[in-house]
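The values are calculated or read from the model by the stated rules, or taken from the named source; none is laboratory data. In this text the structure is predicted, and so the values were computed from the model without any measurement. Cβ atoms come from the backbone with ideal geometry, glycine included; neighbour counts cover every protein chain shown.
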Amino acid sequence: MNEPYVMLVDDEEEFVEALTKRLTHRDVQVIPCFGGEEALDKLDSHRNVDVVILDVKMPGLDGIEVLQEVKKRFPLVEVIMLTGHATVENAVEGMKQGAFDYLMKPCDLEELMEKVEAATAKRREQIDRIREAAVRNALSGMVE
Ligand SMILES: [Mg+2]
């Protein structure tokens with residue numbers, strides 16, 4: 001699998017910078033973001049992002065609001081929610097609204113890598129299936 005392409009969204013700058021470094025060392029391509037608005041803007045211009053790692057608790061648009069917008073505008077992008085103990089219910093709500101999975105902070109890098117890889121594989125398989133269906137559809141038009 002080619003390296004996962006990830007957007008990391010969290011209002012804690014130090015956390016974003018530290019985790020971006022760690023993920024980059026693991027051959028993950030990372031776009032760091034510090035808020036929901038910024039993330040949605042950047043997703044619009046970076047259409048190959050596989051996975052958004054999304055903090056639940058942020059000022060401005062919170063994680064659930066960002067999740068809803070991501071799923072509405074970019075339905076194939078997978079979302080992994082990051083949560084503290086106080087907001088686990090929000091993360092569970094996120095799962096009901098289409099998040100791929102969630103993780104508790106502080107998150108274990110191995111566990112995060114596993115989820116990122118699984119989410120990336122899911123998105124890419126879906127894209128492959130859509131392409132195959134489009135090709136089949138086009139071919140069936142040719143023989144009719
Ligand atoms: Mg936060």
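Within region 53-69, track down each residue that is away from the ligand (no atom under 13 Å from the Cβ) and either in a strand (DSSP E or B) or hydrophobic (A, V, I, L, M, F, W, C) (or both). Residue satisfying the conditions is 67 alone.
Residue-wise test of (1) more than 16 Å from residue 7 (Cα to Cα); (2) part of a loop (DSSP other than H, G, I, E, B).
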position: 71; (1), (2): no, no
position: 76; (1), (2): no, yes
position: 98; (1), (2): yes, yes
position: 134; (1), (2): yes, no
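If you go through region 1-24 and keep only what is in contact with a helix residue (DSSP H, G or I) (Cβ under 7 Å, 6 or more places away or on another chain) and either within 16 Å of the ligand (Cβ to nearest atom) or modelled with pLDDT under 95 (or both), you end up with 1, 7, 8, 9, 10.
Residues 114, 89, 110: which one is in a helix (DSSP H, G or I), at pLDDT 95 or above and surrounded by 10 or more Cβ atoms within 10 Å (Cβ to Cβ)? Working first, answer last.
Values: 89 fails: at pLDDT 95 or above; 110 fails: surrounded by 10 or more Cβ atoms within 10 Å (Cβ to Cβ).
Every option except 114 fails the conditions.
Of the residues 41, 50, 27, which is modelled with pLDDT of 95 or more, at positive phi and more than 16 Å from the ligand (Cβ to nearest atom)?
Numbers: 41 fails: at positive phi; 50 fails: at positive phi.
Matching residue, one of 41, 50, 27: 27.
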